[in-house]
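S.K.: Structure incoming, see below.
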Amino acid sequence: MNENQLTPPKAGLPIPEIADSSSRWRWLICLGLALSVLAVFGRLAFFDFVFFDDHVYIIEKAQVLAGLTPESIRWAFTATDAGFWHPLTWISLMIDHEIWGLNPGGYHITNVLLHLAATLLLFAALHRLTGTLWKSGFVAALFALHPLHVESVAWIAERKDVLSGLFWMLSLFLYARYVESPGWGRYGLVLISFVLGLMAKPMMVTLPVIMLLLDVWPGKRLSGGNWRRNWKLVLGEKIPFLILGVAAGVVTMMAEQQVGALKSFEEFPFFVRLTNAVVAYGFYLYKMVLPFNLSVHYPHPGAWPMGPVALSLAVLGTITYFSIRSFKYAPYLLVGWLWYLISLLPVIGLIQIGGHAFADRYTYIPLIGIFIAVVWGVGGLAEQRRLRQFPINDPRQVIGVQGNDKEKQVSRDRREIFAVTLGMIVIVFFALISVVQVECWQNAETLFRQAVAVTENNYLAHNNLGAALSLQGRYREALPQFEKALQIRPGYQEALFNKGAALAGQGRYREALPFYGRVLALQPRFAEGHNNIAIAYAQTGNINQAIIHFREAIRIRPGYGDAIKNLKIAEKKKNREAAK
């Protein structure tokens, strides 16, 4: 045989079928991911609204209830309601209303399908970026089924999470295509996907930095002879993304301030924010490993003891140290760790929004970095052991193995089977916990009973549980919940108002009056408060005070239907009494 001729493959080696086999496995992994997501989250189709921001986004939002009209679409692009500029989220909810009306199951189904699409795109993006099939599949499965992600999928009002997550993964996939073959067309598609993600939720702002990390690994775009030119190239690519991200961040902060959600430094000093951020990084890692006792609301303690802060600092410092030390031979550890740290920055608490210390939904994107570090790290350890025990100095050694080498091959195969089996056990473990966690989202009562059971001093959970019971007319059961909320946080306006409403619901209008009065003293432009106190005055015989408050409610909120109707009834009653 001529030495320039290629040696034909030996019999029994299925070399021509490798591509087909890989394609089959790819489709099987996609099928497995789809079935597992539907199995874990499918029950959501039969669940109710939880009336925790669901009314703000859907039930009481006139523009969403109007469906897709030119006026509602224009409103979506200009509104900063709920503290966000996210027109795509509003439009997606309008589409849902066009299809489902006010059937909550339909909105849940959309969330599940968006989460499924994001999962498949994450798998496709990682596979394209790294060229590894099974590791990409494991990361996608962890993302799809981890209990910390239940909140983002099960909470209808968190449509912005799953929708922006979809565009995050799409951007990664399109970026992988662009890196393979750079061109203005492919670059433009990445930028468009990024903008659409920002229009769903501003959490996308950190994506340009994540893409830069991926340029280090697995892209290796910064290595090579002319490294300075490479740095200028990859940094220049990210500038438009950074400008758009900063603009979206500024708009979001202005919107949060407008609705009163952005907390001042008087209420949350910088040191309190900093220590909470440190504890939050550690908290999410802990819950990633042991995702038990999850809550829809974790109340901010105000100031953390130095014990939890020091422990979190030690954990964060240790992981950072080993990630940096191992960068040369395991760059994925540092890349995954930085993915986690950086993508959590907008919601870690340095900019305090609301009164919570943590939120499960904030981990939707950041935990992907930890999953990458763990999966590739375990895979890297297995490969190093394999190479030490079964070195391949000559490519022809893979064709035939004899003697002790066969024993080493068997040992290696057993270790790989063990690793895969262990990985599957972990995924099933997380999936089963997610199934249990999904059940908490049946309705507002089940959700906040869970929150009350697993947290302490959770004034919001007690108040919202009481509100859920009140909606069912169970006022006697609701009152202790409002009282507990007020015991934890005296002057809590929502609990004061709800306790007054629960007393009124039992016909105890005279007892309700002081609670409504305290609310109006704190918030004099509260139209509903004026309407409710007016009803209480009317029921206790003070018709003049009732009319004053009905008129004030209408002045504050022109077109307030209930107050207008109640005012007419009160005025007729007064006229009848005057005519006697």
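Laboratory data are not the source of any read-out in this text; all were calculated from the coordinates shown. All values reported here derive from a predicted model rather than from experimental measurement. No Cβ is skipped: glycine too gets one built from the backbone with ideal geometry, and neighbour counts run over all protein chains shown.
S.K.: Please give, to one decimal in nm, the separation of the simple spin-label points placed at Ala521 and Lys232, each 7 Å out from Cα toward the Cβ.
M.R.: For Ala521 paired with Lys232, the spin-label model returns 6.8 nm.
S.K.: I've got another one for you. Please list 351-364, 524-537, 90-103 highest first by mean number of surrounding beta-carbon atoms within 10 Å per residue.
M.R.: Values: 351-364: 20.7, 524-537: 22.2, 90-103: 17.8.
Answer by packing, highest mean first, reads 524-537, 351-364, 90-103.
S.K.: Now for a separate question. For segment 430-482 and segment 243-316, what is the separation of their C-alpha centers, rounded to whole Å?
M.R.: Distance between centres, Cα-based: 23 Å.
S.K.: Another question about this same structure. Glu577 versus Ser181, label points 7 Å from Cα toward the beta carbon: distance in nm?
M.R.: Spacing of the two 7 Å Cα→Cβ label points: 8.2 nm.
S.K.: Let me ask something additional. Return, ordered by residue number, the residues of segment 550-580 whose backbone nitrogen is under 16 Å from a label point located 7 Å along Cα→Cβ of Leu65.
M.R.: 558-565
S.K.: List the pairs from Lys201/Lys287; Lys232/Lys287; Lys61/Lys484; Lys135/Lys287 whose alpha-carbon separation is above 32 Å, in the order I gave them.
M.R.: Values: Lys201/Lys287 24 Å; Lys232/Lys287 39 Å; Lys61/Lys484 30 Å; Lys135/Lys287 22 Å.
Among Lys201/Lys287; Lys232/Lys287; Lys61/Lys484; Lys135/Lys287, the Cα-Cα distance tops 32 Å for Lys232/Lys287.
S.K.: Give the relative contact order (percent, whole number) for the chain; include only Cα pairs under 8 Å separated by 6+ residues.
M.R.: Values: 754 pairs, mean separation 75.6, N = 580.
This gives 13 percent for the chain.
S.K.: Taking the Kirkwood radius as the inverse of the mean 1/r across Cα pairs, report the Rg/Rh of segment 214-307. Let's see the in-between values first.
M.R.: Working: Rg = 19.8 Å, Rh = 17.6 Å.
Computed over Cα atoms, the ratio is 1.12.
S.K.: Assigning unit charges at the beta carbon (Lys, Arg +1; Asp, Glu -1) and nothing else, what dipole magnitude in debye, to the nearest 20, does segment 167-291 show about its Cα centre?
M.R.: Working: 12 positive and 6 negative charges, 99 e Å.
The dipole of segment 167-291 has a size of about 480 debye.
S.K.: So how strong a dipole does the chain carry about its Cα centre when Lys and Arg Cβ are +1 and Asp and Glu Cβ are -1, to the nearest 20 debye? Please report the intermediate quantities before stating the final value.
M.R.: Numbers: 54 positive and 39 negative charges, 97 e Å.
In total the dipole reaches around 460 debye.
S.K.: For Leu28 and Val289, what does the FRET efficiency come to when R0 = 41 Å and r is the distance between their Cβ atoms, rounded to the nearest 0.05? Don't skip to the end; give the middle numbers.
M.R.: On the way: r = 28 Å, r/R0 = 0.69.
Rounded to the nearest 0.05, the efficiency is 0.90.
S.K.: Follow-up. Can you tell me the dipole magnitude for segment 444-579 around its Cα centre, using point charges on the Cβ only (Lys, Arg +1; Asp, Glu -1), in Debye to the nearest 20?
M.R.: So the dipole magnitude of segment 444-579 works out to roughly 480 debye.
S.K.: In Å, what Kirkwood hydrodynamic radius results for the chain from the alpha-carbon pair distances? All intermediate terms of the calculation are to be shown ahead of the outcome.
M.R.: Working: mean 1/r = 0.0370 Å⁻¹.
One over the average 1/r among Cα pairs gives 27.0 Å for the chain.
S.K.: On to the next question. So if I take the centroid of the Cα atoms in segment 111-141 and the same for segment 509-534, what is the distance between those two points in Å?
M.R.: First find each Cα centre; the distance between them is then 52 Å.
S.K.: Now, a different point. What's the FRET efficiency of Glu456 with Asp53 using the Cβ-Cβ distance as r and R₀ = 25 Å, to the nearest 0.05? Could you put the intermediate results ahead of the total?
M.R.: Details: r = 23 Å, r/R0 = 0.93.
With a Förster radius of 25 Å, E is 0.60.
S.K.: Over its Cα atoms, what ratio of radius of gyration to 2.2 N^0.38 Å does segment 91-143 give? Walk me through the numbers on the way to the answer.
M.R.: Numbers: Rg = 15.1 Å, N = 53, 2.2 N^0.38 = 9.9 Å.
My calculation over the Cα atoms of segment 91-143 gives 1.51.
S.K.: Can you work out ³J(HN,Hα) from phi for every residue in segment 26-38, in order, using Karplus 6.51 cos²θ - 1.76 cosθ + 1.60 and θ = phi - 60°, giving whole Hz and x for Gly and Pro?
M.R.: Once θ is set to phi - 60°, the couplings for segment 26-38 become 4, 5, 5, 5, 4, 5, x, 4, 5, 5, 5, 4, 5 Hz.
S.K.: Would you work out the relative contact order for segment 427-510, in percent, from Cα pairs under 8 angstrom that are 6 or more residues apart? Write out the running numbers ahead of the final one.
M.R.: Details: 79 pairs, mean separation 18.2, N = 84.
Relative contact order for segment 427-510 comes out at 22 percent.
S.K.: Given Cα pairs under 8 Å that are at least 6 residues apart, what percent is the relative contact order of segment 444-579?
M.R.: Numbers: 173 pairs, mean separation 18.9, N = 136.
With pairs under 8 Å counted, the relative contact order is 14 percent.
S.K.: When 1/r is averaged over all different Cα pairs and the result inverted, which Kirkwood radius in Å belongs to segment 296-385?
M.R.: Details: mean 1/r = 0.0679 Å⁻¹.
Roughly 14.7 Å, rounded to one decimal.
S.K.: Another question about this same structure. Karplus couplings for segment 497-502 from phi (6.51 cos²θ - 1.76 cosθ + 1.60, θ = phi - 60°), rounded to Hz, Gly and Pro as x?
M.R.: Values, residue by residue: 5, 5, 5, x, 5, 5 Hz.
S.K.: Moving on. Once fully extended, how much extra length lies between Asn542 and Phe270, figured as 0.36 nm per residue of separation less the alpha-carbon to alpha-carbon distance? Intermediate results must be reported in sequence, preceding the final value.
M.R.: Working: separation 272, 0.36 × 272 = 97.92 nm, distance 4.91 nm.
My answer for the length gained is 93.0 nm.
S.K.: Something else now. Starting from the Cα of Asn103, step 7 Å along the direction of its Cβ; do the same at Val250; then give the gap between the two resulting points in nm.
M.R.: Going by the 7 Å Cα→Cβ label model, 4.5 nm.
S.K.: Another question, then. Of the listed peptides 496-502, 303-309, what is their order by residue-averaged count of other C-beta atoms within 10 Å, with the highest listed first?
M.R.: Numbers: 496-502: 25.6, 303-309: 13.4.
The peptides rank, most packed first, as 496-502, 303-309.
S.K.: Using every pair of alpha-carbon atoms in segment 412-550, split the distances into 5 Å bins beginning at 0 and state the percent of pairs per bin, rounded to integers.
M.R.: Per 5 Å bin, starting at zero, the Cα-Cα P(r) for segment 412-550 comes out as 2, 10, 15, 15, 13, 10, 7, 5, 5, 4, 3, 3, 2, 2, 1, 1, 0, 0 percent.
S.K.: Could you give the Stokes-Einstein D for segment 19-153 in µm² per second, using the C-alpha Kirkwood radius, 4 °C, 1.567 mPa s? Provide the component values of the computation, followed by the final result.
M.R.: Details: Rh = 16.6 Å.
Answer from the Stokes-Einstein relation: 78 µm²/s.
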